Amino acid sequence: MLAPAITNALTIDVEDYFQVSAFAPYIRRDEWDARECRVEHNVGRILELLAARDTRATFFTLGWIAERYPQLVRRIVAQGHELASHGYGHQRASDLSQAEFRQDITRAKGLLEDLSGTPVLGYRAPSFSIGTGNLWALDALAHTGHRYSSSIYPIKHDHYGMPDSPRFAYKLASGLLEVPVTTVRMLNRNLPSSGGGYFRLLPYSVSRWLLRRVNQQDREAAVFYFHPWEIDVDQPRIAGIDAKTRFRHYVNIPRMDGRLQQLLADFRWGRMDEIFLARTTSPIPAAA
Ligand SMILES: [Zn+2]
């Protein structure tokens, strides 16, 4: 008999194209307000795609965006999605002092809760910037009232990653649940299998195979993520960037809308809080 289908977590990191960490050397933060904003239009399209499939998701939203687009925050919540935090200003947690990090997450959570009228339980660090060097950040999240984090990527990557951390959700001594983004274990290493640039780079059939493997072999829910700018073929191009950054940011953007529709059709999707906070997991304090 077939096992019942697993509901996977669909997550969107709500930020605009000029806020991505790889562009930080090229675009100053004080220039953000002068840039053409595309996020409202792009999130609108995502909401349309989700509504067409009657699917709910989790939107990790920047405080900076929420402040400027309060109506967008309300639309996300009104359509039944989970509103969660991506911090205020998209600074990597690893670049902040403990006091600065606490200030950033408190400000974002307060803003999102005030604007939406709903509690904000989840947090994702910009660029998965929590790892061995700053695990204190997880305690700060628990102390500021967050219930879960999805901030550690158990892979090796030039910008982030903590390859030896658990691949699936685990509870810390503080009570905070860490829900890593999904990897597939092959040839003694963890392969990124959960969205972002890899989803645009790899053929769709490979991404689907990886996600199915997690559902069928690991019997676990996958956590998939993407950004509103990844579906935006008309976004202003950033000039003068290095070849690697350019390739990573722009590769296969025209294919993304179709692939997302395929992904929505091929798997069952839901909100992070409904999938992970409802169930119990065993503590793994040593790894945390
Ligand atoms: Zn981000």
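What's the extension gain from ALA243 to GLN71 if we count 0.36 nm per residue and subtract their Cα-Cα distance?
On the way: separation 172, 0.36 × 172 = 61.92 nm, distance 3.65 nm.
Residue separation times 0.36 nm, minus the Cα-Cα distance, leaves 58.3 nm.
In deg cm²/dmol, rounded to 500, what helix-only [θ] at 222 nm does the chain give when every DSSP H run of at least 4 residues adds -39500 (n - 2.57) and the total is split over its residues? Mind showing how you got there, number by number?
On the way: 9 runs with 93 residues, N = 288.
The per-residue figure over the chain is -9500 deg cm²/dmol.
Find, to one decimal place in angstroms, the Kirkwood hydrodynamic radius of the range 172-273, where the mean of 1/r is taken over every pair of different Cα atoms and then inverted.
Values: mean 1/r = 0.0655 Å⁻¹.
Result for the range 172-273 stands at 15.3 Å.
In debye to the nearest 20, how big a dipole does the range 24-99 give about its Cα centre with +1 on each Lys and Arg Cβ and -1 on each Asp and Glu Cβ? Present the calculation step by step, with values, prior to reporting the outcome.
Working: 11 positive and 10 negative charges, 27 e Å.
In total the dipole reaches around 140 debye.
Check ALA84: other-chain or 5+ apart residues with amide H under 5 Å from its amide H, H built from backbone geometry?
Distant-sequence amide H within range of ALA84: PHE59, PHE60, THR61.
Using the heavy atoms of the protein chains alone and a 1.4 angstrom probe, what is the accessible area of the chain per residue in square angstrom?
On the way: 12690 Å² over 288 residues.
With all protein chains present, the chain gives 44 Å² per residue.
Of THR11, THR183, THR118, which is the most mobile in a GNM of the chain whose springs link Cα atoms less than 10 angstrom apart?
Ranking THR11, THR183, THR118 by mean-square fluctuation puts THR118 first.
Taking the Cβ of ILE65 as the center, what net charge do the other residues with Cβ under 10 Å away carry, scoring Lys and Arg +1 and Asp and Glu -1?
Details: positive: ARG68; negative: GLU15, ASP16, GLU40, GLU67.
Within the 10 Å Cβ shell, the charges total -3.
Could you please state how large a percent of the accessible area of the chain is carbon and sulfur, counting protein chains only and using a 1.4 Å probe?
Details: 6320 of 12690 Å².
Carbon plus sulfur share of accessible area: 50 percent.
Among SER149, ILE253, VAL184, flag the residue with its Cα farthest along the positive direction of the charge dipole of the chain, charges on Cβ as +1 for Lys/Arg and -1 for Asp/Glu.
About the Cα centre, the residue reaching furthest to the positive side is VAL184.
What residue among ALA140, ALA108, ALA24 has the largest mean-square fluctuation in a Gaussian network model of the chain, using Cα springs under 10 Å?
ALA24
Which value results when the Cα radius of gyration for the range 106-165 is divided by 2.2 N^0.38 Å?
Working: Rg = 12.9 Å, N = 60, 2.2 N^0.38 = 10.4 Å.
Taking the Cα Rg and dividing by 2.2 N^0.38 Å, one obtains 1.23.
Report, ordered by chain and residue number, the aspartates and glutamates lying within cross-link reach of LYS244, taken as a straight Cα distance under 17 Å and ignoring same-chain residues fewer than 8 apart.
Partners found: ASP158, GLU230.
If you restrict to DSSP beta bridges whose two residues both lie in the range 144-288, what percentage is antiparallel, to the nearest 5? Kindly include the intermediate steps, with their values, before the conclusion.
Details: 6 of 10 bridges.
In the range 144-288, approximately 60 percent of DSSP beta bridges are antiparallel ones.
If you build a Gaussian network model of the chain, linking Cα atoms that sit under 10 Å apart, which residue out of ASP164, ASP30, ASP95 swings the most?
Comparing ASP164, ASP30, ASP95 in the GNM, the peak value goes to ASP30.
The values are calculated or read from the model by the stated rules, or taken from the named source; none is laboratory data. Small disclaimer: the values here were computed from a predicted structure and weren't measured. No Cβ is skipped: glycine too gets one built from the backbone with ideal geometry, and neighbour counts run over all protein chains shown. Accessible surface is based on the protein model in full, side chains and every heavy atom, while ligands, DNA and RNA are left aside. Shrake-Rupley method; radii C 1.70, N 1.55, O 1.52, S 1.80 Å.
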